[in-house]
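Shown next, in structure tokens, is the structure this report addresses.
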Amino acid sequence: MKRKSKLLIIFAIIVILASFSGCAKIKDFIAVKKGELIGGHYIINVYDNYANKTLTVDGKKITVGILENNDGDDSSSEGFDSSVLEITINGKQMIQVGNTVIFAEDGLDMIEDFDMPEEITIDNGGGFVPIDRFVNNIKNKIGKSKTIIISSQLGIPIGVYQGNSVYITVPKDLPKMTRLNIDGKSLYIHRANYVILDSNLL
């Protein structure tokens with residue numbers, strides 16, 4: 001009972017912080033911690049190398065982690081680094097390896113008929129490169145308007161996501177995974193090709 005009370009208190013603090021947080025990095029941190037506590041409502045779409053959707057899973061309590069490997073019976077074995085995802089969906093288990101998988105939080109919609117220009121020309125802007133990178137880094141933490149173009153592992157287009165406040169990070173504990181916070185919603189991209197552009201480049 002005490003454990004449940006502590007979780008409720010932590011969750012209440014997270015919700016309060018979220019209501020006062022405008023920084024995309026903070027929103028992402030809160031979303032991750034919330035997901036670790038109770039799981040999030042995600043739509044999981046699995047694609048083959050030709051960008052064909054092969055499976056869709058909808059769950060209200062979804063968490064993603066690494067399937068822990070076994071050292072076996074040999075006491076001297078140190079095991080190996082697993083790249084197999086263990087996905088918990090409403091208490092049930094899903095094991096995934098090799099496919100392109102997109103985890104989109106409920107309410108985050110993919111644009112499937114986006115017209116991507118083949119050439120982008122930039123004639124002006126920019127200055128001293130280290131300063132430009134520093135400014136971009138700050139803007140990324142605050143949240144920038146970005147367009148995310150996702151393709152299969154063979155480079156075949158899957159779809160596009162866009163947001164006015166986007167924060168990007170690569171989780172250290174999830175192999176071949178990129179996490180984005182798009183206008184307060186989480187998007188996980190696993191084993192896919194993608195290009196992320198400032199939307200004003202398009």
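Quick notes on this structure:
- Flag if L197 is surrounded by fewer than 20 Cβ atoms within 10 Å (Cβ to Cβ), assigned to a loop (DSSP other than H, G, I, E, B) and touching a strand residue (DSSP E or B) at 6+ places or on another chain (Cβ under 8 Å): no
- Among the residues making up region 163-178, those that are crowded, with 20+ Cβ neighbours inside 10 Å and of a type outside the set (A, V, I, L, M) are G163, Y167.
- Within the span defined as region 50-57, one or more residues are outside any loop (DSSP other than H, G, I, E, B), at pLDDT 90 or above, surrounded by 14 or more Cβ atoms within 10 Å (Cβ to Cβ) and out of contact with any helix residue (DSSP H, G or I) (no Cβ under 9 Å at 6 or more places or on another chain).
- The residue that is surrounded by the fewest Cβ atoms within 10 Å (Cβ to Cβ), among those in region 147-162 that are touching a residue at least 60 places away in the same chain (Cβ under 8 Å) and not polar (S, T, N, Q), is L154.
- Residues considered: K176, K172. Of these, the only one that is within 20 Å of Y42 (Cβ to Cβ) and modelled with pLDDT of 70 or more is K176.
- Of all residues in region 120-144, those satisfying the criterion of being surrounded by 12 or more Cβ atoms within 10 Å (Cβ to Cβ) and either at pLDDT 90 or above or basic (K, R) (or both) are K139, K141, K144.
The values are calculated or read from the model by the stated rules, or taken from the named source; none is laboratory data. Note that the structure is predicted; figures quoted are calculated from it, not measured. Reconstructed Cβ throughout: ideal geometry from the backbone, glycine too, with neighbour counts over all protein chains shown.
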